[in-house]
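Worksheet: the structure to be examined is printed underneath.
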C-alpha cells in the first residue's frame, strides 16, 4: 500500500510493503517485501532495503545505505554518506553503510558513513556510531561503546554473556 500523499517514484517495491504519507522514494531505490516505511521518510536512489524492514518516521536513507532483512530503524535515525560535506561540492562516490540482518537501531541515533552494523546488533537510542559494530553486540552512547551482547531472540546479555538470571549464552 502506498499512501496517496507519498511521492514514490521507484517501481522496485516488494509485495505487502506499506509506504505512508509524506514519504519520498526516488526512482532507483529498491525496497523488499513486507516492509513498513512510516511517515516522513526519504529514501534516495542508491539504496537497497531488504524484506521485513521497519523504518520509523523522520528517517532519511541516503545514497550508499544497504539495509538487509528484518532490520528495525527507529524514529529520526540519521545516516550520513559524506565524511567531508561541503555545500555544492559532490563526492565522486558516497560511502557505503551496511546494516546487517536483524539489527536494531534506536531512536535519534546517528550512523556515520562507511560503517557496518553486524547481524542482530542493537544500537541504543541517541547513540553516535563511529565504528563498525560486531554481530550480536549492544552499543550505546556518544560515541557508542559496547555495553553487552544480545541473542538473536533479543535476550540482553552483559559483557560476560550472562542474562539477567546469570545464565551464560553462546552466540
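The table that follows gives values for the structure above.
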{"item": "Choice from 102, 64, 141 with maximal GNM fluctuation in the chain (Cα, 10 Å cutoff)", "result": "141"}
{"item": "Computed over the chain: relative contact order in percent, which uses C-alpha pairs under 8 Å that are six or more apart", "result": "11 percent"}
{"item": "Percent RCO, i.e. relative contact order, over region 72-130, from Cα pairs under 8 Å lying at least 6 residues apart", "result": "38 percent"}
{"item": "Nitroxide proxy distance, nm - points 7 Å out along Cα→Cβ at residue 151 and residue 10", "result": "3.4 nm"}
{"item": "Cβ-derived FRET efficiency at R0 30 Å, residue 128 paired with residue 1, nearest 0.05", "result": "0.30"}
{"item": "Region 16-42 residues near the modelled residue 57 label - backbone nitrogen below 20 Å, point 7 Å along Cα→Cβ", "result": "18-25, 35-42"}
{"item": "Calculated FRET efficiency for the pair residue 108/residue 87, C-beta based, R₀ 30 Å, to 0.05", "result": "0.75"}
{"item": "Share, in percent, of DSSP beta bridges within region 93-171 that are antiparallel, nearest 5", "result": "45 percent"}
{"item": "Ranked packing of 143-153, 157-167, 49-59, most packed first, by mean Cβ within 10 Å", "result": "49-59, 143-153, 157-167"}
{"item": "Share, in percent, of DSSP beta bridges within the chain that are antiparallel, nearest 5", "result": "20 percent"}
{"item": "With 5 Å bins from 0: P(r) over the chain, alpha-carbon pairs, percent", "result": "2, 9, 17, 22, 18, 14, 10, 5, 3, 1, 0"}
{"item": "Whole-Å distance, taken between Cα centres, linking region 1-77 and region 142-160", "result": "27 Å"}
{"item": "Convex hull of Cα atoms in region 31-101, direction-averaged projection (nm²)", "result": "4.7 nm²"}
{"item": "Dimensions in Å of region 70-154 - Rg and Dmax from alpha carbons", "result": "13.0, 45"}
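Only the coordinates and a few stated rules stand behind these numbers; no lab work does. Given the structure is predicted, the values throughout are model-derived calculations rather than measurements. Positions of Cβ are backbone-derived with ideal geometry, glycine not excepted, and every protein chain shown enters the neighbour counts.
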